[in-house]
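Colleague: Please see the structure below; I have some questions.
The values are calculated or read from the model by the stated rules, or taken from the named source; none is laboratory data. Bear in mind the structure is a predicted one, so any value in this text is a computation, not a measurement. Don't worry about glycine lacking a Cβ; one is built from the backbone with ideal geometry, like all the others, and counts go over all protein chains shown. Note: areas computed on protein heavy atoms with side chains; ligands, DNA, RNA excluded. Shrake-Rupley method; radii C 1.70, N 1.55, O 1.52, S 1.80 Å.
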Amino acid sequence: MDTDLEKAPEHLMSLLRNQVEVIWIDEFLEEPGKFHDVKIMAIMIFHGKPKVTEELVEKLPHLKLVAVFGAGYNNVDTKMLQSRNIKVSNTPKVLDDACANQAMLLILAAAREFIRDVKRTMAPTTTALLKNHVTVGVDKKTLGIVGMGNIGLAIAKRAKAFNMTIRYHNRNKRTDDAEVDALFHRNLNVMLPLCDYVIVTVSLTAATRAIIGREQLDLMKTSAALINVSRGATVDHDALVQVLRSGGIRFAALDVTDPEPLPRGHPLLGMDNVVVTGHTSSATYESRGGMCQKSIDNVVAMWRGAELPSEVPRY
């Protein structure tokens, strides 16, 4: 869980140490012979690491589970693992509220041009404030949700409290969409021109890669804002830059990019009508603690031979 910038968070480390025996991947790879007699039955993936390759799996003959710390598992070769009878788990639902809260933060930041206002107000050269500059609100505006799963529904509930109209695009209509008076669109391109804000919450798959491309961006209102809290690759970044520069849409607020972080000097980082945060939607003590515990729960269930609390479906 260590990175080049940070040490592993102690509040998560204590959860791990109290419930499972941990072997760090670097230690294993440096001295694999040291663990010859140890039955390593699970790999826990934190923030995409370690990368679970066939080569690594071959070194772990007792491996039964890859437990992903997070709801998304697009960075895991599930087909390869499941073909070897290795289960994959993730941590859905426990991060829904944190992610939905950050989504609303980004929607409001896009609406009120929050970062632009902060920069202008705090700039050392500012001697007067703009009293007549107004922005777009969210009241009575339409939010289009691209992929209304658990997180999308949590966002919809919050947006409804802000007096927004909810539309959503899914492969199939939700049976509970009446909870938020949401209007279903099987065709994404039909929904987009009707929305003032479009938020992407789909899982990243082959079908959803660049689901928001130039064609979709051109269908949006020029006054609309795009928000992405799913995976960076669901939005075509080159197309987004072009449309933002030309005024095709008003604003973009991104918690995810492709790659992460974006290269310094990337056009999106220098644009006044873009907000980028660091894939931090789930980054609260409560959410990350819940994610860690659910990962542990899956490992313990595997060890006991019980049903996993959140096994990834087999395809």
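Colleague: Can you pull out the strands (runs of 3 or more DSSP E) entirely within the range 112-193 that have at least 1 residues that are open to solvent by 50 Å² or more (accessible area, probe 1.4 Å)?
Modeller: Of the strands (runs of 3 or more DSSP E) lying wholly inside the range 112-193, those with at least 1 residues that are open to solvent by 50 Å² or more (accessible area, probe 1.4 Å) span 165-169, 183-185.
Colleague: Pairs needed: first member in the range 113-138, in contact (Cβ under 8 Å) with a residue 40 or more places away in the chain; second member anywhere, part of a loop (DSSP other than H, G, I, E, B); C-beta distance under 7 Å; at least 6 residues apart or different chains.
Modeller: What qualifies is E113/T135; R116/D272; V136/S223; V138/F162; V138/M164.
Colleague: It is to be established whether one or more residues within the range 68-81 are within 27 Å of the chain's Cα centre (by Cα), within 19 Å of G305 (Cβ to Cβ) and aliphatic (A, V, I, L, M).
Modeller: Yes, that holds for at least one residue.
Colleague: Hey, among I211, I155, I151, which residue is touching a residue at least 12 places away in the same chain (Cβ under 8 Å), closer than 18 Å to A71 by Cβ, in contact with an Asp or Glu (Cβ under 7 Å, 6 or more places away or on another chain) and β-branched (V, I, T)?
Modeller: I151
Colleague: Is at least one residue of the range 87-103 under 30 Å from E307 (Cβ atoms), open to solvent by less than 20 Å² (accessible area, probe 1.4 Å) and over 14 Å from the mean Cα position of the chain (by Cα)?
Modeller: yes
Colleague: Check F46 against each of (1) open to solvent by 80 Å² or more (accessible area, probe 1.4 Å); (2) modelled with pLDDT under 95 and name the one condition it does not meet.
Modeller: Tallying (1) open to solvent by 80 Å² or more (accessible area, probe 1.4 Å); (2) modelled with pLDDT under 95, F46 fails exactly one: (1).
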